[in-house]
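Colleague: Quick one: the structure is below, questions incoming.
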Amino acid sequence: MAFSNVWNYCVPLTILTVACLMRTAHCQTVQTENVTVLEGATAQISCRLHNYDGSIVVIQNPRRQTLFFNGSRALRDERYQLVTFTSRLLRISVANVSVSDEGGFYCQLYTDSTHHQAATLTVLVPPDTPTVEVKQDAVEGGESELTCVSPRSKPAATLKWMRNGREIPGVVLQQDHGKVFSVSSTIRIPVERKDNGAALSCEAFHPALDGPKRIRHYRLDVYFAPTVRIIPPTGILREGDSLSLTCSVTGNPLPLNIQWSKINDTLPERAEISGPTFQISRLSQSHNGTYLCQAQNDYGRAADHYTLLVYDPGAVVETHSAVPYAVIGGVLALLVFTVICVLIVTIWCSVRQKGSYLTHEASGLDEHGEVQEAFLNGNDASQGKKEYLL
């Protein structure tokens, strides 16, 4: 059910007969309506009169203080105002309603016997935008503990943690403070470097909110050690050129103090340092060496190095003239490889031919042995002649 600060939600009650003339058709009745409003709004309490004959009508607040007596003010509290008083309706307004105003407002009609009917006032307290409390810093590789707090609502608000459209279950704690409630929801999530800056939100839901939900947005702050990378120049550096190096540093918190140094030597006199930028004008071979960029924060230290090699003009020319020799060397290597392949094929063919000759020679020896065996056994040559080639 949605509510507004400028109107009341009313539930009619059954008509209660508070005074009737016994054994007659003529009786006086009063009808009240329950009212629900938001805290800080204006509530209107109505007493509808039926067959009213001018008897005394009194309206009292939940503390049973008389507010109006037959339309006349009885309590000096300007929050209570008489809106209407006719033979059909008695209506008052209560400005800037708070939870302390909750309870029954009594409409009393005095006749031969006194009876009353109560109009119950209910005050809703919508939650303010919740707050996010961080118990301890979130460090890479650890956990982050976040608590979403809605300090005051009635009835108790419902809290939800969300990340990328998905709900993160939390541990809910609810405490009552009289008629209002405080609610908290605590989550614990593991964090890495990539989670730094991740968007989280805590949403508060409440039946009194008919507009947008109360949302607290929070960006995750993950602390981690720095990383350092030197961005080198492109191309060959010659004597007389300028060197410019940029040290790219990440980390949370971001290191503010970046240190440049030269390994096993001091920095050149012409070196200029401006934060992450290191420059040397009019390079010479005396500037050759390894340069170091370092950065640190409370969670670690990191460094990167760059080796500078300055060429003189002659060395650069020799380097370019060496290109044709490299091509010639490649061609010669290809020729040598081809010759080796031809030799291997020739040797392989020669070995195959020699093996075939030896095989035929061995076959001839076997036939010669058969002739000798026949001669020794005395076999008659008439039984068959065999011609052998020895």
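The values are calculated or read from the model by the stated rules, or taken from the named source; none is laboratory data. In this text the structure is predicted, and so the values were computed from the model without any measurement. Neighbour counts are summed over all protein chains in view; Cβ atoms, including those assigned to glycine, are modelled from backbone coordinates with ideal geometry. Just the protein is used for accessible areas: all its heavy atoms, side chains included, with ligands, DNA and RNA removed. Shrake-Rupley method; radii C 1.70, N 1.55, O 1.52, S 1.80 Å.
Colleague: Which of the residues that make up the stretch 166-178 are in contact with a strand residue (DSSP E or B) (Cβ under 6 Å, 6 or more places away or on another chain) and of a type outside the set (Val, Ile, Thr)? Can you show your working first?
Modeller: Start the filter on the stretch 166-178 by keeping residues that are in contact with a strand residue (DSSP E or B) (Cβ under 6 Å, 6 or more places away or on another chain), which leaves 167-168, 170-175.
Within the stretch 166-178, GLU167, GLY170, LEU173, GLN174, GLN175 meet the criteria.
Colleague: Next question. If I ask for residues that are in contact with a Ser or Thr (Cβ under 8 Å, 6 or more places away or on another chain) and over 30 Å from LEU308 (Cβ atoms), which ones from the stretch 208-254 would you list?
Modeller: Once the filter is applied, which keeps residues that are in contact with a Ser or Thr (Cβ under 8 Å, 6 or more places away or on another chain) and over 30 Å from LEU308 (Cβ atoms), the stretch 208-254 yields ASP210, ARG214, ILE215, ARG216, HIS217, TYR218, LEU220, VAL222.
Colleague: Quick one: count up the residues across the stretch 162-181 that are within 17 Å of SER98 (Cβ to Cβ), surrounded by 12 or more Cβ atoms within 10 Å (Cβ to Cβ) and of a type outside the set (D, E, K, R).
Modeller: 2
Colleague: Hey, another quick one. Which one of VAL58, VAL94 is farther than 30 Å from TYR218 by Cβ and at pLDDT 95 or above? Can you show your working first?
Modeller: Numbers: VAL58 fails: at pLDDT 95 or above.
None of the other options fit; the residue is VAL94.
Colleague: So, one more: Output the residues belonging to the stretch 292-302 that are touching a residue at least 40 places away in the same chain (Cβ under 8 Å) and either open to solvent by less than 40 Å² (accessible area, probe 1.4 Å) or assigned to a strand (DSSP E or B) (or both).
Modeller: Within the stretch 292-302, CYS293, GLN294, ALA295, GLN296, ASN297, GLY300, ARG301, ALA302 qualify.
Colleague: Step by step: first the residues of the stretch 227-246, then only those that are among the aliphatic types (A, V, I, L, M) and not in a strand (DSSP E or B), then the one that is most open to solvent (accessible area, probe 1.4 Å). Which residue is that?
Modeller: Filtering first and then ranking leaves ILE236.
Colleague: While we're on this one: Which ones in the stretch 263-291 are farther than 17 Å from GLY240 by Cα, surrounded by fewer than 18 Cβ atoms within 10 Å (Cβ to Cβ), under 43 Å from the mean Cα position of the chain (by Cα) and touching a residue at least 24 places away in the same chain (Cβ under 8 Å)?
Modeller: Restricting attention to the stretch 263-291, the residues satisfying the condition of being farther than 17 Å from GLY240 by Cα are 263-267, 273-277, 290-291.
Now restrict to residues that are surrounded by fewer than 18 Cβ atoms within 10 Å (Cβ to Cβ): 263-267, 273-275, 277, 290.
So of that shortlist, the ones also under 43 Å from the mean Cα position of the chain (by Cα) come out as 263, 273-275, 277, 290.
Scanning the stretch 263-291 gives ILE263, THR277, THR290.
Colleague: Go through the stretch 247-268 residue by residue and tally those that are part of a strand (DSSP E or B) and more than 29 Å from GLU192 (Cβ to Cβ).
Modeller: Keep residues of the stretch 247-268 that are part of a strand (DSSP E or B), which gives 247-252, 258-262, 265.
Right, trim to more than 29 Å from GLU192 (Cβ to Cβ) and you get 260-262, 265.
The qualifying residues number 4.
Colleague: Next question. Among the listed residues ASN96, ASN70, which satisfies the condition of being among the polar types (S, T, N, Q), out of contact with any strand residue (DSSP E or B) (no Cβ under 7 Å at 6 or more places or on another chain) and either closer than 26 Å to LEU38 by Cβ or open to solvent by less than 70 Å² (accessible area, probe 1.4 Å) (or both)?
Modeller: Values: ASN70 fails: out of contact with any strand residue (DSSP E or B) (no Cβ under 7 Å at 6 or more places or on another chain).
ASN96 is the lone residue from the list that is among the polar types (S, T, N, Q), out of contact with any strand residue (DSSP E or B) (no Cβ under 7 Å at 6 or more places or on another chain) and either closer than 26 Å to LEU38 by Cβ or open to solvent by less than 70 Å² (accessible area, probe 1.4 Å) (or both).
Colleague: Do we have any residue at all in the stretch 104-111 that's part of a strand (DSSP E or B) and open to solvent by 60 Å² or more (accessible area, probe 1.4 Å)?
Modeller: So in the stretch 104-111, the residues part of a strand (DSSP E or B) come out as 104-110.
Adding the requirement that they be open to solvent by 60 Å² or more (accessible area, probe 1.4 Å) leaves 110.
The answer is yes; a qualifying residue exists.
Colleague: Could you say whether any residue in the stretch 124-133 is within 30 Å of PRO253 (Cα to Cα), open to solvent by 70 Å² or more (accessible area, probe 1.4 Å) and not polar (S, T, N, Q)? Talk me through it step by step, then tell me what you get.
Modeller: The first filter runs over the stretch 124-133 and keeps only residues within 30 Å of PRO253 (Cα to Cα), leaving 129-133.
Cutting the leftovers down to open to solvent by 70 Å² or more (accessible area, probe 1.4 Å) gives us 133.
Keeping just the survivors that are not polar (S, T, N, Q) gives 133.
The answer is yes, given that some residue of the stretch 124-133 is within 30 Å of PRO253 (Cα to Cα), open to solvent by 70 Å² or more (accessible area, probe 1.4 Å) and not polar (S, T, N, Q).
Colleague: Would you point out the residue of the stretch 189-199, among those that are of a type in the set (A, V, I, L, M) and touching a residue at least 40 places away in the same chain (Cβ under 8 Å), that is least open to solvent (accessible area, probe 1.4 Å)? Let's see the steps before the verdict.
Modeller: Of the stretch 189-199, the ones of a type in the set (A, V, I, L, M) are 189, 191, 198-199.
In the following step, the residues that additionally are touching a residue at least 40 places away in the same chain (Cβ under 8 Å) were identified as 189, 191.
Working: ILE189: 18, VAL191: 0 Å².
The extreme case among them is VAL191.
Colleague: If you go through the stretch 206-226, how many residues are touching a residue at least 24 places away in the same chain (Cβ under 8 Å) and assigned to a loop (DSSP other than H, G, I, E, B)?
Modeller: Initial filter on the stretch 206-226 (touching a residue at least 24 places away in the same chain (Cβ under 8 Å)): 206-210, 214-216, 218, 220-226.
Remaining after also requiring assigned to a loop (DSSP other than H, G, I, E, B): 206-210, 220-221.
Matching residues across the stretch 206-226 total 7.
Colleague: Out of all the residues in the stretch 200-226, which are open to solvent by less than 60 Å² (accessible area, probe 1.4 Å) and closer than 21 Å to ALA295 by Cβ?
Modeller: VAL222, TYR223, PHE224, ALA225, PRO226
Colleague: Which of the residues that make up the stretch 37-81 are over 20 Å from CYS27 (Cα atoms), outside any loop (DSSP other than H, G, I, E, B) and charged (D, E, K, R)?
Modeller: Correct list: ARG73 only.
Colleague: All but one of (1) in contact with a Ser or Thr (Cβ under 9 Å, 6 or more places away or on another chain); (2) outside any strand (DSSP E or B); (3) among the acidic types (Asp, Glu) hold for GLU203, so report the exception by its number.
Modeller: (2)
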